[in-house]
Amino acid sequence: MTDQGEIVIESKVDDVEIQVFADGKLIRVVDTQTQQSFDWKSGKNTFAISPNQLTMSRGIKQIVKVTALESVEPTVSPINDLDKPVFQNRTFEHWLQVARRDRDTATRTDALKACAATVETKAEFESLITLNRKLCRKHGSNVIGNNAESDLYYRALVKVINSLDTDQIVEFIETEIAEGTEPSRHFCSFWLARGASDPFVPSDWISKAKSVNQRAGQLGEALASHLEKPGNSWILISLVDTANKEKLTGTALAKALKRLAADPAQRLQLHKSIVLLLSDVDVFTLYRDDLLDIKTHPATRMRLFDTVLNNSGPYRPLPRQRQQLLFDLAEGVLQPGDQRLEFAREFVTSVQNVLAEEIVACVLIELNRFDQKFDAQFKTETLLPRLQKLKKAVIKPERAADFTGKAKILLADIEYMIKKNSGDAGVQMPPGGFLENGTYSLDLRGGGGGRF
C-alpha cells in the first residue's frame with residue numbers, strides 16, 4: 001500500500017529484494033544477483049514501460065513485474081432497499097466497517113453510535129454485539145485510565161447497549177462476568193447503577209436497567225461462579241444497591257459470599273455487598289469479632305461499623321445480636337487506655353479519630369428506632385443495665401475530649417431511654433437532642449452528618 005493506492009509486485013525468482021521508503025512513497029526493487037535496481041516513486045515511475053507498470057529482466061528472462069492499481073475513491077453504495085434505515089445517508093454495513101477499521105477514536109465512536117441507530121436484523125445485532133464486546137473489554141471503563149478517549153468510548157458503548165433488548169443485555173453482562181475484563185465489568189456495573197439511580201439519563205436507559213434488575217437472581221448465579229475475578233465485585237455492588245435484594249438472598253451467590261466472608265483477607269473487601277448476609281448468625285459473628293478486636297485498625301473498624309448500621313430494611317428482621325453489638329461498641333469507645341476501641345474517618349491523605357459521643361449517639365438512635373422489638377426480658381436483663389452503664393461512663397468520661405459540649409444533650413437522651421423502657425408512659429423526648437433529630441454528627445464518608 002502506497003500513499004497513492006496499492007501496487008502489486010510479482011517475482012519469479014527468490015533473490016530479489018524489495019525496499020520500501022518514506023511510508024510507501026518510494027519502492028526500490030533490487031536484483032541481488034546482478035545488482036540491477038529500479039525505483040517506483042509515487043507520482044513518477046522510472047524505467048516505466050507504461051504509466052502504471054514496469055518490469056525487470058535478466059537477459060531475456062523477465063524476473064519482476066510491478067503494477068500500480070488505479071486508486072479508487074470510496075463511494076457510498078446505493079441503497080437498494082428504501083426501507084433500510086440509514087444514518088447520514090449510510091447504512092449499518094457502512095458504519096460497522098468504519099467502527100471496525102478506523103483508528104481515529106472520535107470517528108470510530110461516532111460510527112459505533114451510528115450502528116446503534118441503524119441496527120435492525122438479527123445478523124446485524126450479532127455483529128454489533130461482537131464488536132461492542134471487543135471494544136468494551138479494552139475501553140469499557142471511564143474510570144480505569146480515565147482520559148478523553150475513554151469517555152468517548154464509554155458514551156458510544158452505552159448507546160449500543162441501550163439499543164439492545166433485555167435478553168440481549170442480560171446475556172451480554174453474563175458473558176462479561178464469566179469471560180470479560182476488568183474494564184468491561186466496570187462498564188456493566190456503571191450501566192446498571194446509573195440506569196437505576198440517575199434521573200438525568202435517558203428514559204430508555206432507565207426502563208431497560210429496571211428490566212435487567214428484575215433478572216438479578218440470574219446474574220447473581222453467574223456471579224457466584226466468578227466472584228473472585230477482577231471487576232465482578234463492582235457488578236455485585238450495583239445489583240445490591242439497585243435490585244430487589246430478595247432476588248439475591250438465598251441464591252448460590254449468598255453461599256459464595258459466605259465462604260469468602262470466612263476469609264479475613266476477603267471480609268473487608270466484601271463489606272458493601274455482605275449486607276445480604278448479615279442476618280446470617282455465622283457471618284454476623286465474624287463481623288462482630290472484627291469490630292471488637294482491639295487490633296483492628298480504627299479506619300477499618302469505621303467501615304465495618306458502616307456495614308453493620310446499613311444492614312436494615314423491611315425484607316429482614318434485625319437480629320438481637322446486632323443490638324448487643326452496638327452496646328459493646330458504645331461501651332468500648334469509653335474504655336480506658338489500651339482497652340479502648342478507636343474509630344477513625346479515613347481521608348485521602350490522613351486518618352482522623354471519631355469522638356466517642358458520636359458512636360454513643362448512633363447507638364441511642366438505633367435503639368430508639370427499634371425499641372418496639374424489645375421484649376420485657378431483654379429490657380430488664382440487657383437494655384436497662386447497659387443504659388445505666390453508658391450513663392455513668394458519660395458522666396465521668398475517661399477522656400474529656402471525647403465530648404464537645406454535648407454531654408448534657410447525650411445524658412438527657414440516655415435518661416429518656418431509661419425512663420421509657422422502665423415503663424414511664426408520660427416521659428417526653430428531650431427537645432433538640434440526638435433522638436429528636438434522628439441524626440448524628442458522624443459522617444462515614446468524611447464530611448457532613450448522617451441519618452439512619
(message) Quick check on the range 194-207. Is at least one of its residues in contact with a Leu (Cβ under 7 Å, 6 or more places away or on another chain) and touching a residue at least 40 places away in the same chain (Cβ under 8 Å)?
(response) no
(request) Could you list all residues from the range 213-224 that are assigned to a helix (DSSP H, G or I) and among the polar types (S, T, N, Q)? (result) 213, 218
(message) Return the residues of the range 110-127 that are in a helix (DSSP H, G or I) and in contact (Cβ under 8 Å) with a residue 12 or more places away in the chain; say none if nothing qualifies.
(response) 110, 111, 112, 113, 114, 115, 116, 117, 118, 124, 125, 127
(message) Quick test for you: out of 279, 225, 207, 211, pick the one residue that is closer than 19 Å to residue 184 by Cβ and hydroxyl-bearing (Ser, Thr, Tyr).
(response) 225
(message) Yes or no: the range 398-416 includes at least one residue that is over 45 Å from the mean Cα position of the chain (by Cα), modelled with pLDDT of 90 or more and surrounded by 12 or more Cβ atoms within 10 Å (Cβ to Cβ).
(response) yes
(message) Where the second residue is assigned to a loop (DSSP other than H, G, I, E, B) and among the hydrophobic types (A, V, I, L, M, F, W, C) and the first is closer than 15 Å to residue 333 by Cβ and lies in the range 286-307, which pairs have Cβ atoms under 6 Å and are six or more apart or on separate chains?
(response) 298/343; 301/343; 302/343
(message) Which condition from (1) modelled with pLDDT of 90 or more; (2) within 42 Å of the chain's Cα centre (by Cα); (3) of a type in the set (Gly, Ala, Ser) is the one that residue 432 breaks?
(response) (1)
(request) Taking the options 207, 225, name whichever one is in contact with a helix residue (DSSP H, G or I) (Cβ under 8 Å, 6 or more places away or on another chain), in the same structural domain as residue 194 (by TED's automatic domain parsing) and surrounded by fewer than 19 Cβ atoms within 10 Å (Cβ to Cβ). (result) 225
(request) Restrict the check to the range 374-385 and report whether at least one residue is assigned to a helix (DSSP H, G or I), of a type outside the set (Lys, Arg) and within 25 Å of residue 338 (Cα to Cα). (result) yes
(request) Please verify whether the range 137-145 includes one or more residues that are at pLDDT 95 or above, part of a helix (DSSP H, G or I) and either crowded, with 21+ Cβ neighbours inside 10 Å or of a type in the set (Ser, Thr, Tyr) (or both). (result) no
(request) Test each condition in (1) at pLDDT 95 or above; (2) surrounded by 19 or more Cβ atoms within 10 Å (Cβ to Cβ) for residue 186 and report the one that comes out false. (result) (1)
(message) Quick check on the range 252-276: of everything there that is at pLDDT 75 or above and under 21 Å from residue 188 (Cβ atoms), which residue is surrounded by the fewest Cβ atoms within 10 Å (Cβ to Cβ)?
(response) 252
(request) Please work out which residue is nearest to residue 162 (Cα to Cα), limiting yourself to the range 174-212 and to residues that are β-branched (Val, Ile, Thr) and in a helix (DSSP H, G or I). (result) 206
(message) Looking only at the range 332-377, count every residue that is among the small types (Gly, Ala, Ser) and surrounded by 14 or more Cβ atoms within 10 Å (Cβ to Cβ) and tell me the total.
(response) 4
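The values are calculated or read from the model by the stated rules, or taken from the named source; none is laboratory data. Worth saying up front: this structure is predicted, and the values here are computed from it rather than measured. Here Cβ is always computed from backbone atoms with ideal geometry, including for glycine, and neighbour counts include all displayed protein chains.
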